[in-house]
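Please read the structure below before turning to the comments.
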Amino acid sequence: MAAIHKLIQFTQRAKFIKKCYVNEIGNLRSFCTMVQQPQKAQNLTRIGLIGAATGIVVGGGYAYYKISEARKNVSLEGKQAEMVLLKHKPPLTPSRKIVYPVDTTGLKLTLFQYQTCPFCCKVRVFLDYYGISYDVVEVDPVLRKEIGWSSYKKVPILLTRVEEEYRPLNDSTMIISLLASYLRDSSYKIEELAEYYPSVGIHDDKGKFKYEIINKYFFGILLSFPLAFSEERYWRKWADETFVHMLSPNVYRTLDESYRTFNWFSEVGKWDEYFPLWERLLIVNVGAMAMWLIGKRLKKRHRLKDDVRQSLYDEANNWLRAIRVRGTTFMGGSKPDLSDLAMYGILKSIEGCDAFQDLLNHTKISVWYDAVKEQVDAHSGSANFVTPVTSYLIKRTVKRSVSLEVTVN
Ligand SMILES: N[C@@H](CCC(=O)N[C@@H](CS)C(=O)NCC(=O)O)C(=O)O
């Protein structure tokens with residue numbers, strides 16, 4: 001009897017221990033307290049502890065990442081980014097090929113772009129004006145998988161074939177300056193010219209680390225002999241750093257306008273041809289919503305007026321006033337220069353938006369705009385290409401005239 005009683009006592013104790021320290025799936029519970037808590041309170045404590053531990057791990061990890069990034073960036077300050085050379089072309093079928101019979105440059109170019117990105121439009125306008133053929137790869141602006149091969153994650157990227165390899169050129173202004181240099185003297189190779197535009201790590205005035213391309217507003221002979229001031233350079237910079245910031249707050253001004261803008265992007269970018277339906281719907285809906293929100297931030301950042309249209313008109317009028325002072329059709333005189341082409345490219349990127357129509361109705365920009373359009377569509381710059389032979393002859397003439405001057409003096 002005593003043995004049976006002992007057995008019962010033992011079984012009860014064992015049940016109690018099991019209840020206290022072993023959970024439903026048989027794992028031992030922690031021994032933090034001997035006082036049995038109600039199940040709900042235990043769950044809450046556990047969730048709290050897990051949350052706190054996760055917070056510490058994630059927060060610590062993020063802080064560690066930030067500190068090591070900052071350290072890495074300090075060590076990259078002033079250092080030149082390595083120039084990339086690809087052994088093979090990324091295996092992508094071009095969305096379309098632009099072929100100009102007037103092209104005698106021999107260049108093999110592929111432009112990775114968004115059809116309505118102002119910086120991409122600048123590059124396309126330059127190529128069209130000079131009648132240089134190129135392939136286009138349309139990039140999905142949300143997923144950007146077409147530029148997955150590149151560590152530079154913006155467009156435009158111009159892939160140039162050099163011998164048997166491929167050199168990607170990043171940044172619209174640098175691409176244009178480099179090609180303009182090539183057009184003036186093709187005895188230099190593209191890869192040689194690229195050396196004049198090194199990408200150097202810097203911290204900007206807000207302490208943010210970024211790569212800055214040196215010399216990007218210089219081209220041709222100015223690369224070796226920079227002059228103190230050039231109006232063309234001034235206006236190209238103004239177009240990139242001032243005028244372009246008028247666009248987003250204007251074309252994404254309201255949610256409705258933002259949707260209309262994205263639908264126009266989809267139309268001219270032929271997104272229904274290049275992307276599956278789900279991807280196009282994703283780009284339009286996510287893009288329109290996100291850009292409407294971002295547009296508001298950009299309005300503040302770039303200090304646009306409450307009526308953002310007025311800021312757009314004001315800057316366009318600044319541009320027109322400068323041309324009027326010159327008394328010429330274009331900023332470049334009787335022919336467009338690189339600042340005309342840049343401004344035209346930037347404006348072309350919003351041609352189908354309400355903001356563009358409003359701009360035409362409230363300023364006199366259409367006269368200049370149509371005049372540049374005529375020149376670009378006629379590839380008027382194509383006659384300016386200096387072949388290696390001509391370049392050699394020019395160099396010889398310059399050398400001889402310099403030595404004549406020396407003799408005379
Ligand atoms: N400075 C660069 C700016 C290029 C740029 O900001 N491109 C935008 C598109 S308009 C971009 O790719 N942004 C990154 C993104 O879309 O995720 C240039 O002139 O090419």
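Exactly one of (1) under 30 Å from Leu183 (Cα atoms); (2) in contact (Cβ under 8 Å) with a residue 24 or more places away in the chain; (3) within 23 Å of the chain's Cα centre (by Cα); (4) away from the ligand (no atom under 16 Å from the Cβ) is unmet by Glu82. Its number?
Glu82 satisfies every listed condition except (2).
Rundown of residues vs (1) modelled with pLDDT of 90 or more; (2) touching a Pro at 6+ places or on another chain (Cβ under 7 Å); (3) among the small types (Gly, Ala, Ser), yes/no style:
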{"site": "Arg321", "(1), (2), (3)": "yes, no, no"}
{"site": "Gly327", "(1), (2), (3)": "yes, no, yes"}
{"site": "Gly352", "(1), (2), (3)": "yes, no, yes"}
{"site": "Phe356", "(1), (2), (3)": "yes, no, no"}
{"site": "Leu359", "(1), (2), (3)": "yes, no, no"}
{"site": "Ser366", "(1), (2), (3)": "yes, no, yes"}
{"site": "Asp377", "(1), (2), (3)": "yes, no, no"}
{"site": "Ser403", "(1), (2), (3)": "no, no, yes"}
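Give me the pairs: first residue in the range 108-133 and touching a residue at least 40 places away in the same chain (Cβ under 8 Å), second residue near the ligand (Cβ under 8 Å from one of its atoms) and of a type in the set (D, E, K, R), beta-carbon distance under 6 Å, and six or more apart or on different chains, which are they?
Cβ pairs passing all conditions: none.
From (1) farther than 20 Å from Arg260 by Cα; (2) under 25 Å from the mean Cα position of the chain (by Cα); (3) of a type in the set (D, E, K, R), pick out the condition that doesn't hold for Arg321.
Against the list (1) farther than 20 Å from Arg260 by Cα; (2) under 25 Å from the mean Cα position of the chain (by Cα); (3) of a type in the set (D, E, K, R), Arg321 comes up short only on (2).
Test of understanding: among Leu312, Leu338, Leu347, Leu320, which residue is aliphatic (A, V, I, L, M) and more than 15 Å from Lys364 (Cα to Cα)?
Leu338
Kindly state which helices (runs of 4 or more DSSP H) lie completely within the range 280-363 and contain at least 1 residues that are closer than 13 Å to Ser248 by Cα and among the β-branched types (Val, Ile, Thr). Please lay out each step first, then the result.
Working: elements: 308-326, 338-348, 354-362.
Per the criteria, 308-326, 338-348.
Go through the range 96-150 and give me each residue that's aliphatic (A, V, I, L, M), more than 13 Å from the chain's Cα centre (by Cα) and farther than 17 Å from Tyr274 by Cα.
Within the range 96-150, Val99, Val102, Leu107, Leu109, Val125, Leu127, Ile132 meet the criteria.
Considering (1) in contact (Cβ under 8 Å) with a residue 40 or more places away in the chain; (2) part of a loop (DSSP other than H, G, I, E, B), say which one Asn73 fails and leave the rest.
Only one criterion in (1) in contact (Cβ under 8 Å) with a residue 40 or more places away in the chain; (2) part of a loop (DSSP other than H, G, I, E, B) is unmet by Asn73, namely (2).
Confirm whether Gly269 is on the phi > 0 side of the Ramachandran plot, small (Gly, Ala, Ser) and out of contact with any Lys or Arg (no Cβ under 8 Å at 6 or more places or on another chain).
On the way: on the phi > 0 side of the Ramachandran plot: no; small (Gly, Ala, Ser): yes; out of contact with any Lys or Arg (no Cβ under 8 Å at 6 or more places or on another chain): yes.
For Gly269, the condition - on the phi > 0 side of the Ramachandran plot, small (Gly, Ala, Ser) and out of contact with any Lys or Arg (no Cβ under 8 Å at 6 or more places or on another chain) - is not met.
Only one of these conditions is not met by Lys153: (1) within 18 Å of the chain's Cα centre (by Cα); (2) touching a residue at least 24 places away in the same chain (Cβ under 8 Å). Which number is it?
All conditions are met except number (2).
State whether one or more residues within the range 143-153 are out of contact with any helix residue (DSSP H, G or I) (no Cβ under 8 Å at 6 or more places or on another chain) and β-branched (Val, Ile, Thr). It would help to see each step written out before you state the result.
Looking only at the range 143-153, we keep the residues that are out of contact with any helix residue (DSSP H, G or I) (no Cβ under 8 Å at 6 or more places or on another chain), and these are 144-152.
Those left that are additionally β-branched (Val, Ile, Thr): 147.
Yes, the range 143-153 has at least one match.
If you take the residues in the range 324-348 that are surrounded by fewer than 19 Cβ atoms within 10 Å (Cβ to Cβ) and in contact with a helix residue (DSSP H, G or I) (Cβ under 9 Å, 6 or more places away or on another chain), which one is farthest from Leu127 (Cα to Cα)?
Our first condition is that a residue be surrounded by fewer than 19 Cβ atoms within 10 Å (Cβ to Cβ); within the range 324-348, this holds for 324-329, 333-335, 337.
Okay, now just the ones that are also in contact with a helix residue (DSSP H, G or I) (Cβ under 9 Å, 6 or more places away or on another chain), so 326, 329, 333, 335, 337.
Values: Arg326: 26, Thr329: 21, Gly333: 20, Lys335: 16, Asp337: 13 Å.
Checking each candidate, the answer is Arg326.
Cβ contacts < 7 Å: first residue touching a residue at least 12 places away in the same chain (Cβ under 8 Å) and within 10 Å of Tyr114 (Cα to Cα), restricted to the range 134-145; second residue within 13 Å of the ligand (Cβ to nearest atom) and in a loop (DSSP other than H, G, I, E, B), any location; separation 6+ or different chain. Result?
Pairs found: Glu138/Gln115; Glu138/Gly269; Val139/Tyr114; Val139/Val155; Pro141/Tyr114.
Kindly check whether there is at least one residue in the range 188-204 that is in contact with a helix residue (DSSP H, G or I) (Cβ under 8 Å, 6 or more places away or on another chain), crowded, with 21+ Cβ neighbours inside 10 Å, within 22 Å of Lys79 (Cβ to Cβ) and not hydrophobic (A, V, I, L, M, F, W, C).
Yes.
The values are calculated or read from the model by the stated rules, or taken from the named source; none is laboratory data. Because the structure is predicted, anything quoted here is derived from the model rather than measured. So basically every Cβ, Gly included, is an ideal-geometry build from the backbone, and we count neighbours across all protein chains shown.
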